[in-house]
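The values are calculated or read from the model by the stated rules, or taken from the named source; none is laboratory data. It should be emphasised that the depicted structure is a prediction, and the values quoted were computed from it without experimental measurement. Quick reminder, even Gly has a Cβ in these numbers, built from the backbone with ideal geometry, and neighbours come from all protein chains shown. Side chains included, ligands, DNA and RNA excluded: accessible areas come from the protein's heavy atoms. Shrake-Rupley method; radii C 1.70, N 1.55, O 1.52, S 1.80 Å.
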Amino acid sequence: MLVRPTEPPLEATSSPTPPAGAPTAPPGARALRVQTGRYGRYTLLQMSGRLTADTAVTAEAQILTTIVLAPSPHLALDLSELDVVDLHGAHLLTKTQFAVRAARGTLHLIAPANAPARDALSRYLLHCVVQRREDLPLLAPLTAPSDLGSLSPLDALEGSTL
């Protein structure tokens, strides 16, 4: 089932039996909440709560659906409101990078220096990290891959500085 990125936020539910060795959520801990919106040329997914073994599958479905249905291949994940990111969540972020690249897009992760998600990021994702949402327009490519299709090859060459 595919959903449009502008649908209401998705609330992840916990699986009845988490994988062996997975951290258990303390009583009263927030489940993962994902809100989808737009920020300039970016499709923005704002995540809050816990990105752990019991919520990663639902988060992955939301992220992949957004990549497929988004009007732009540029994706930003706002991780600043995540309380916990475990190994499964960190793995999902790496998989997200590969999926966005396959769609010929760009991925940026919003994670302030003091955010719990920042410590979970692999060194391969650090080049994608910005401190604040306001930093995103500074990183946008001058010409998006989706914009190249609207130019003829001659028009593209005229604009180049060879």
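When the test is whether a residue is open to solvent by less than 30 Å² (accessible area, probe 1.4 Å) and modelled with pLDDT under 80, ALA29 does not pass it.
Within the stretch 58-113, being outside any helix (DSSP H, G or I) and either over 19 Å from SER48 (Cα atoms) or touching a Phe, Trp or Tyr at 6+ places or on another chain (Cβ under 8 Å) (or both) holds for ALA70, PRO71, SER72, PRO73, HIS74, LEU75, ALA76, ALA103, ARG104, GLY105, THR106, HIS108.
Considering the stretch 89-137, the residues that are surrounded by 15 or more Cβ atoms within 10 Å (Cβ to Cβ) and hydroxyl-bearing (Ser, Thr, Tyr) include one that is farthest from MET47 (Cα to Cα), namely THR106. Among the residues making up the stretch 35-88, those that are touching a residue at least 60 places away in the same chain (Cβ under 8 Å), open to solvent by 10 Å² or more (accessible area, probe 1.4 Å) and of a type in the set (Gly, Ala, Ser) are GLY40, ALA70, SER72. The set of residues from the stretch 116-134 being within 13 Å of LEU77 (Cα to Cα) and assigned to a loop (DSSP other than H, G, I, E, B) comprises LEU121, LEU125, GLN131, ARG132. Scanning the stretch 133-142 finds no residues that are modelled with pLDDT of 85 or more, within 12 Å of the chain's Cα centre (by Cα) and among the basic types (Lys, Arg).
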